[in-house]
C-alpha cells in the first residue's frame, strides 16, 4: 500500500471517529455517501469540527428518516404476513366483562380443588400483566390452536399483529372463570405476555402460564418455559 493511500485511510478514520455524537457506524455511512458525491478531507474536517456536530447531524437527518421508513415498512410487512399465518387456527371467541380486578390468589382460593395440578408459583406477586384488565371493561377473548409448533416469539408477534391484549396469568384465569366451556378438552391455553412480566426459573428463563384440561377431564394450571416450543396440544389466548 502506498504511503499516500495509507495516509488517506488514517485521515478518513480519524475524521469518522471524531463524529462521536452520531456514532461511528452512522458516521461511516455518512462519509461513504459524501465520498461518492465528491467529499474531500478538508470538507470532512469541517463537518466533524462544527460546533456540537451540528452540520453532521443536519446531513444525517434525512438519512435517518429514510432508514426509519424502511424499518417501518419491513415491520408492517412482517406483521401482515404473520397475521394470516396458517399455523394459527381460531377455535373460540367469547365475551367477558370485568367486574373485579383479576387475581390469581383469589382464583386459587375459589378453584384450586377443581384442578389435579395447580402450580404453587402461580401467584399475583410473581406475574404482572403488561396490560392488566380493568374493572368495567368488556372484552372479547380469542383462542387460537397452534399448529406446526410456532415459536413463542412468533406467537407474541401474531397477537400484536391482531392488535390483541396479552392475558398473562391473571387474564388467563379470568377468561377461564367466565368462559371455561370455550376452553377445548385435550388442549392447553398459554397466557402470553412480555418476558419481563413473567416469573423466571432458576436459569432465568421466563415461565408462561398454561391452563387446560386433559381428555379424561383432569384440569391443569401450570407453567411452561419460554424456551420450549409450543406443541400440537397448545393454544394461545388474547383479548380485544
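Numbers below:
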read-out: Three-way shape label, the stretch 109-150, alpha-carbon gyration tensor, a/c 1.5; value: oblate
read-out: Where the Cα pairs of the stretch 86-239 fall when distances are cut into 10 Å bins, in %; value: 11, 46, 38, 5
read-out: Protection proxy ranking, peptides 136-144, 211-219, average beta carbon neighbours within 10 Å, highest first; value: 136-144, 211-219
read-out: Virtual spin-label span in nm between residue 232 and residue 218, 7 Å along Cα→Cβ; value: 2.1 nm
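A short reminder: the numbers here are calculations on the coordinates, not readings from a lab. Since this is a predicted model, take the numbers as computed values, not measurements. Note: ideal-geometry Cβ built from the backbone for every residue, glycine included; neighbour counts use all protein chains shown.
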